[in-house]
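Since the structure comes first, as structure tokens, the remarks are kept for the end.
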Amino acid sequence: MTEKRMEEIVRNAVRTFHDFPSPGILFRDITPILKDPNAFRSAIDLFENHLRTHFPNIDVIAGLDSRGFLFGPSLAQRFDIGFVLIRKKGKLPGLTDTISYSLEYGKAELEIQCDAIQPGQKVIIIDDLLATGGTMFAACELLKRRKAEILECLVLIELKSLEGAQKLKPHSVHSLLQYE
Ligand SMILES: O=P(O)(O)OC[C@H]1O[C@H](OP(=O)(O)OP(=O)(O)O)[C@H](O)[C@@H]1O
Ligand SMILES: Nc1ncnc2[nH]cnc12
């Protein structure tokens, strides 16, 4: 199947809801992708093709709580590498490092286990969606504190008008689908 067709399948499986979770937010719902094996496989195939083309050596995929967890482990399997969790505060046992950040619709804190990453490991960060970039920026900071080498921030959807990719520079962002 062509990449263009796979993109179309993934795009057709994203639903839009007005005013969720608060007035003025146009919520992009990725749950239909997970309900449709063909759409899910297309999304993982597109991520895999992109990474194989651009990054010959990836050590770890780090996923963001919670929707990054839906895509990251399947992708990590394709490369036979590990997946690590960057979670909302208070969910991870053991020694952790914490950072606070602001969202398109609120504030939150993210955590990583201190032994999740070895210094110098090459990491791809994955999430379902990039909006303001606040969550991804916080995750980059946590990973840099662990001395990871961040290869790229990977998302299924990028909301272009919120300019999250600008905020993340010099780290690069790759998205499968872009919306204004
Ligand atoms: O670019 P930003 O403005 O930071 O927004 C993007 C983040 O917001 C959503 O997660 P949310 O915090 O709603 O949590 P969830 O995945 O647990 O639903 C989304 O899954 C991203 O993680
Ligand atoms: N507009 C949006 N749709 C879905 N998830 C989001 N996370 C932050 N903004 C979002």
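The values are calculated or read from the model by the stated rules, or taken from the named source; none is laboratory data. Keep in mind that what you see is a predicted model, and the values were worked out from it rather than measured. Counting neighbours? That spans all protein chains shown, and the Cβs are built from the backbone with ideal geometry, glycine included. For the accessible areas, the whole protein counts, side chains as well, though only heavy atoms, and no ligand, DNA or RNA atoms are used. Shrake-Rupley method; radii C 1.70, N 1.55, O 1.52, S 1.80 Å.
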Among strands (runs of 3 or more DSSP E) completely within the range 12-103, the ones holding 2 or more residues that are modelled with pLDDT under 95 and open to solvent by 40 Å² or more (accessible area, probe 1.4 Å) are 96-103
Note on Lys107: of the conditions (1) part of a strand (DSSP E or B); (2) in contact (Cβ under 8 Å) with a residue 60 or more places away in the chain; (3) within 16 Å of ligand 2 (Cβ to nearest atom), unmet is (2)
Check whether at least one residue in the range 114-126 is surrounded by 15 or more Cβ atoms within 10 Å (Cβ to Cβ), among the polar types (S, T, N, Q) and in a strand (DSSP E or B), and report yes or no. no
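Just for the range 104-113: of the residues that are charged (D, E, K, R) and modelled with pLDDT of 95 or more, which one is least open to solvent (accessible area, probe 1.4 Å)? Talk me through it step by step, then tell me what you get.
Narrowing the range 104-113 to residues charged (D, E, K, R): 104, 107, 109, 111.
If we keep only those that are modelled with pLDDT of 95 or more as well, we get 109, 111.
Working: Glu109: 73, Glu111: 10 Å².
Only one residue fits best here, namely Glu111.
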Being open to solvent by 20 Å² or more (accessible area, probe 1.4 Å), touching a Lys or Arg at 6+ places or on another chain (Cβ under 9 Å), within 18 Å of Phe55 (Cβ to Cβ) and assigned to a strand (DSSP E or B) narrows Leu151, Leu156, Leu129, Leu176 down to just Leu151
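Could you say whether any residue in the range 130-139 is within 16 Å of ligand 2 (Cβ to nearest atom) and among the β-branched types (Val, Ile, Thr)? Before the answer, list the steps.
Residues of the range 130-139 within 16 Å of ligand 2 (Cβ to nearest atom): 130-139.
Those still in the list that are among the β-branched types (Val, Ile, Thr) too: 132, 135.
The answer is yes, given that some residue of the range 130-139 is within 16 Å of ligand 2 (Cβ to nearest atom) and among the β-branched types (Val, Ile, Thr).
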Within the bounds of the range 133-142, is there any residue that is more than 12 Å from ligand 1 (Cβ to nearest atom) and either surrounded by fewer than 17 Cβ atoms within 10 Å (Cβ to Cβ) or of a type in the set (Phe, Trp, Tyr) (or both)? yes
The number of residues in the range 132-148 that are assigned to a helix (DSSP H, G or I) and more than 15 Å from the chain's Cα centre (by Cα) is 2
